[in-house]
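Down below is the structure, laid out as structure tokens.
The values are calculated or read from the model by the stated rules, or taken from the named source; none is laboratory data. A quick note: this is a predicted structure, and the numbers were derived from the prediction, not measured. When we count neighbours, we look across all protein chains shown, and the Cβ atoms used for this are built from the backbone with ideal geometry, even at glycine.
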Amino acid sequence: MSETNKKLVIMITCGLDSEKMSVGWLIANGAITNGLDVTVFLTSSAVDCVRKGAADLINPNPLDPPVGEMISSLLSRGGKVLVCPPCAKVRGYSEESFIPGVAMQGASGMFEPMKAGAATLCF
């Protein structure tokens, strides 16, 4: 597999109560485990899941690991988590609102790996 084929961008758009949001984090962690360079881009209500303390309170699918654990695992293994700035600002969040390792960055943070050949998934 070439280096350009080892990238994955996952866009998560759904919020704390959505099982799809949990699945997005589960897939992101599976990709890291399988050697992919993963960037997760959060938009709309998905930005709520990386607000300090929020992910510790949610587990929309009790058969999945808790969302907070999946986010921590991804970050600790080199995954990138980016938050859409307008989506954060409309909710009154700043970069300090988010767990360590999460960055507010526009869509260019998602487009760079895509231009380098990343596969993309959306939840």
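Structure data summary
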{"item": "Subset tally (residues that are of a type outside the set (Lys, Arg) and surrounded by fewer than 18 Cβ atoms within 10 Å (Cβ to Cβ)) for region 73-96", "result": "10"}
{"item": "Some residue of region 72-89 being over 15 Å from the mean Cα position of the chain (by Cα), in a helix (DSSP H, G or I) and at pLDDT 95 or above", "result": "yes"}
{"item": "When residues of region 4-17 are limited to those that are of a type in the set (D, E, K, R) and closer than 16 Å to residue 79 by Cα, the one modelled with the highest pLDDT", "result": "7"}
{"item": "Flag if residue 107 is under 14 Å from the mean Cα position of the chain (by Cα) and at pLDDT 95 or above", "result": "no"}
{"item": "Exclusive hit being farther than 15 Å from residue 88 by Cα and assigned to a loop (DSSP other than H, G, I, E, B), set 35, 30, 24", "result": "35"}
{"item": "Selection within region 45-63 - assigned to a helix (DSSP H, G or I) and surrounded by 16 or more Cβ atoms within 10 Å (Cβ to Cβ)", "result": "45, 46, 47, 48, 49, 50, 55"}
{"item": "Selected residue (criterion: nearest to residue 61 (Cα to Cα)) from residues of region 1-21 that are part of a helix (DSSP H, G or I) and of a type in the set (S, T, N, Q)", "result": "5"}
{"item": "Count - residues of region 90-114 that are part of a loop (DSSP other than H, G, I, E, B) and among the polar types (S, T, N, Q)", "result": "2"}
{"item": "Condition met for residue 73 (of a type in the set (S, T, N, Q), touching a Pro at 6+ places or on another chain (Cβ under 9 Å) and more than 15 Å from residue 10 (Cα to Cα))", "result": "yes"}
